[in-house]
Amino acid sequence: MKLDEICKILSGLKMTLVSMIFLILSAILAFFKISFMFDFAVFTIIISGVPIIYYGLKNLFLNKKLTASLLISIAMTAAILTNEIFAAAEVAFIMALGGILEDLTIDKAKKGITKLLNLAPKKARKLNINDNLVKEEIVPAETIQKGDIIRVLAGEDIPSDGVIISGETSINQAIVTGESIPVDKQKGDSVFSGTTNCYGVIDVEVTKEYKDSTVQKLIKLVKEAENKKAPTQKIADKWASVLIPLAILFAIIVYLITGEISRAVTVLVVFCPCSFVLATPTSIMAAIGNATKKGIIIKDGIGLETIGKCTTFAFDKTGTLTKGKLTVSNIEKFSDVSVDDILYFAASSEMKSEHPIARAVVEYALSKDFKLNETVDFKMFSGKGIYSKLDNKRIYIGNEKFMEDNNIELTGEMKKAVNSKRLDGKITLIVAVDKQPKGFIALSDTIKENSVKAIETLNNELNLETILLTGDNKLTAGYFAKKAGVKTVYSNLMPKEKAMKIEELQKEGKTVCMIGDGVNDAIALKTANVGVSMGSFGSDIAIESSDIIITGDDPNKISYLKKLSNATIKTIKTNIIISMTINVISLTLSAFGILVPITGAIVHNFASILVVLNASFLYDKKINWCRIKNFSF
């Protein structure tokens with residue numbers, strides 16, 4: 001058995017309890033002045049002290065790091081050399097017990113992350129179809145391949161991302177999107193791994209390999225977040241390496257002045273910067289766990305800290321502040337034809353187009369149970385419109401430039417009607433039949449329900465600057481910015497121009513958070529001080545480019561993130577104050593002989609546990625949309 005494994009066993013709860021029994025036996029024998037051939041406290045030193053010495057020396061020689069374990073090792077050695085066997089054993093036991101209590105409180109901070117990791121489905125019902133015979137087979141989830149058909153029963157978790165090919169149900173997507181209400185799903189809808197099928201039986205065609213599925217991405221990102229250090233944590237680590245040599249020097253000075261080795265040993269015990277080092281990582285870990293419960297993945301502590309310092313929040317429009325799905329909002333006629341005729345001509349002609357605007361018109365017509373006919377002689381003119389023949393009529397659908405190119409004249413009233421819809425941020429398609437304008441169809445994206453509240457919170461409550469960076473034209477951008485409450489708008493921006501605009505803001509001394517959802521936002525997300533991608537894993541590039549991922553569609557979570565960051569930074573600062581205050585008091589009391597090694601060990605561990613407990617409150621902290629009540633000592 002390796003020394004690492006032995007030390008792991010010795011520092012566990014069971015052996016620590018055995019260590020305590022030996023320490024109690026030693027105390028009882030000493031109290032009743034019963035002599036024995038050896039002091040039972042030696043076994044306590046072996047059980048609880050050996051791991052401390054081992055890890056202290058290992059970090060010193062292999063990792064070139066000065067740690068608290070090294071200081072305790074020196075303190076124990078000094079106590080043993082001065083025949084303070086019981087004191088050395090007490091220090092070893094209390095430190096071991098303190099380590100276990102710290103682990104328990106850290107586990108509380110990590111419980112949200114642990115819950116997430118446990119949600120990865122282990123089994124899957126794979127369907128094998130041969131000659132119309134369906135055979136169901138239970139297989140390990142990681143063996144599922146793209147293209148496989150899996151069956152999910154009511155109450156089961158979905159093993160991998162896919163599309164429903166049979167059945168209807170409601171899916172609890174809380175782990176992915178943070179939504180508490182199950183979402184109705186039917187044939188053709190996408191489902192995510194780790195989410196729960198609430199009722200009914202669905203068959204799903206797998207669209208992603210198991211390792212690329214949503215829940216596996218979440219697990220990967222959260223694991224990476226645990227291993228990355230925030231700026232404050234790096235500072236704490238640096239200070240810890242400085243404090244340890246100071247502790248040794250101070251202990252020597254105390255010994256030289258007082259001549260009492262016990263005081264020097266106590267100084268070494270209380271000077272350990274354990275609580276100082278724990279101040280940041282435990283707070284960051286608990287905050288990440290809090291965010292995970294809300295469907296937010298924070299990749300690292302750097303992103304969490306930085307968003308708290310942001311002064312400017314830049315939003316993409318489509319899919320971020322808006323739903324990102326065009327729908328027909330108005331159909332208006334110029335002549336004696338009916339509105340239904342205009343929709344029939346437009347939808348039938350657009351059936352052969354793959355453009356999103358065309359798809360929206362066709363879907364709208366089909367939702368109204370329109371019977372559409374095939375067109376002939378279909379032609380598409382990029383950025384302008386389409387031409388086709390339908391029922392022996394020549395159909396022209398497009399913008400004003402397209403009408404002008406085809407010698408189709410619009411009256412002043414017609415142009416006025418079209419422009420009025422554009423001022424409302426809508427896209428317009430003019431419909432002409434045999435070169436006579438008959439009317440137009442207006443399509444619009446819609447603002448997300450929570451966008452207005454999110455912007456209002458950032459602008460008014462948190463006194464932050466909000467801006468809109470979009471590729472849309474000035475009229476459309478201005479309309480949606482006004483509806484959402486965004487005061488500053490930059491429109492007609494290409495992806496690279498969004499990044500350039502962020503760089504301009506940074507040169508003005510602003511710390512910028514960029515919020516986007518698509519491929520076109522990737523450069524801007526990377527350029528900003530902190531990037532937040534929004535959406536249920538819609539764009540892998542956006543996710544890779546961002547520091548924080550909001551897996552749902554709620555813009556309100558931006559203000560939640562800002563408040564969580566503020567609360568985390570405040571908790572870190574509080575923890576550092578707690579640590580430094582207790583250390584200064586303990587050192588003073590140790591130098592004057594008021595604290596002895598055992599009481600010094602108790603105070604030292606009390607400070608560490610206090611810091612970890614304070615940090616763990618961040619996990620269960622209620623971050624309201626309107627006000628934060630920070631916990632602090």
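The values are calculated or read from the model by the stated rules, or taken from the named source; none is laboratory data. No experiment lies behind these values; they were computed from the predicted model shown. Note: ideal-geometry Cβ built from the backbone for every residue, glycine included; neighbour counts use all protein chains shown. Protein only, heavy atoms only, side chains kept; ligands, DNA and RNA dropped before computing areas. Shrake-Rupley method; radii C 1.70, N 1.55, O 1.52, S 1.80 Å.
Points to keep in mind about this one:
- Nearest-0.05 FRET efficiency for E413 and I357, computed from C-beta distance (R0 22 Å): 0.35
- Distance in nm between pseudo-label sites at I165 and T588 (7 Å out along the Cβ direction from Cα): 7.5 nm
- Cut-off 14 Å between beta-carbons: net charge of the residues surrounding A30, Lys and Arg +1, Asp and Glu -1: -2
- Each stretch of four or more DSSP H residues adds -39500 (n - 2.57); spread over every residue of the chain, this sum gives -16500 deg cm²/dmol at 222 nm.
- Local electrostatic count, N197, Cβ distance below 13 Å [Lys/Arg +1, Asp/Glu -1]: -3
- Percent antiparallel among DSSP beta bridges (both partners in the chain, rounded to 5): 75 percent
- Inter-label distance for N463 and N132, nm, one decimal - labels placed 7 Å from Cα along Cα-to-Cβ: 7.4 nm
- About the Cα centre, charge dipole magnitude for the chain (Lys/Arg +1, Asp/Glu -1 at Cβ), debye: 1200 debye
- Full extension of the segment from L249 to K187, taken as 0.36 nm per residue of separation minus the current Cα-Cα distance, would add 15.1 nm.
- Taking amide H as placed 1.01 Å from N in the peptide plane, A124 has its amide H under 5 Å from the amide H of V139, A141, each at least 5 places away in sequence or on another chain.
- Under the Karplus curve 6.51 cos²θ - 1.76 cosθ + 1.60, θ = phi - 60°, whole-Hz ³J(HN,Hα) for region 439-453, x wherever Gly or Pro sits: x, 8, 10, 10, 10, 9, 7, 10, 5, 5, 4, 9, 4, 4, 5
- Reported label for calculated Rg and Dmax of the Cα atoms in Å given [x] 25.5, 87; [y] 22.5, 67; [z] 33.1, 116: [z]
- Applying a threshold of 29 Å to the alpha-carbon distances of K453/K498; K293/K573; K384/K557 flags K384/K557 as lying beyond it.
- Local electrostatic count, G147, Cβ distance below 11 Å [Lys/Arg +1, Asp/Glu -1]: -1
- Estimated FRET transfer efficiency (M494, D212; beta-carbon r; R0 30 Å; 0.05): 0.55
- Cross-linked pairs K211/K526; K185/K325; K126/K325; K448/K563; K448/K562: Cα-Cα separations exceed 23 Å for K211/K526; K126/K325.
- Residue (of L70, I244, I171) at the positive-pole extreme of the chain, dipole from beta-carbon charges: I244
- At a probe radius of 1.4 angstrom, the accessible area of the chain per residue rounds to 47 square angstrom.
- Among the protein heavy atoms of the chain, carbon and sulfur supply 58% of the accessible surface, probe 1.4 Å, non-protein parts ignored.
- Top positive-direction residue, dipole computed over the chain with Cβ charges, set Y560, F31, A314: F31
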